[in-house]
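Working notes, structure below.
Throughout, read-outs are computed from the coordinates displayed, never taken from laboratory work. Every value quoted in this text rests on a predicted model; they were computed, and no experiment measured them. With ideal geometry, Cβ positions are generated from the backbone for all residues, glycine too; neighbour counts draw on all protein chains shown.
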Amino acid sequence: MIKKSNEQSLGEIINNVIKELRWSDKINQQKIIASWEKIMGSCITTYTKKIVINNDVLIVYLKSAPLREELNYAKTKIIDNINKEFDSVVIKDIVFK
């Protein structure tokens, strides 16, 4: 007779806890914020004051009004680049402030 094992790997346990506590969105948000410089480059990051994510909308606070306008024109491409980086739709819109 074979007994069924209740053993789980540490990774499985962590993933289950993340799902139960509904931390997946928060973890993805932190990954996006941490990847901002990689995706946008150090020049843009220098002018970035703060990044917030709310309901799949990335809100980027910038120090430069001209840069804000320029990035608005490239919004679709930036969204595509972020989503490519994460191989899924993690951001649906961007607001530059």
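Are there any pairs with C-beta distances below 8 angstrom linking a residue in the range 84-97 that is more than 17 Å from ALA34 (Cβ to Cβ) to a residue that is surrounded by 10 or more Cβ atoms within 10 Å (Cβ to Cβ) and polar (S, T, N, Q), with the two at least 6 apart or on different chains, and if so which?
Close Cβ pairs satisfying both conditions: VAL89/ASN83; PHE96/ASN72.
Among the residues of the range 40-69, write down those that are surrounded by 13 or more Cβ atoms within 10 Å (Cβ to Cβ) and of a type in the set (Asp, Glu).
ASP56
If I ask for residues that are without any contact (Cβ under 8 Å) to a residue 24 or more places away in the chain, closer than 19 Å to GLU85 by Cα and surrounded by fewer than 13 Cβ atoms within 10 Å (Cβ to Cβ), which ones from the range 8-39 would you list?
Listed by number, the residues that qualify are SER24, ASP25, LYS26, ILE27, GLN30, ALA34.
Return the pair list, or none, for Cβ contacts closer than 7 Å from residues in the range 43-70 that are on the phi < 0 side of the Ramachandran plot and without any contact (Cβ under 8 Å) to a residue 40 or more places away in the chain to residues that are charged (D, E, K, R) and part of a strand (DSSP E or B), at least 6 apart or on different chains.
VAL57/ASP93; TYR61/LYS49; TYR61/LYS50; LEU62/LYS49; LYS63/LYS49
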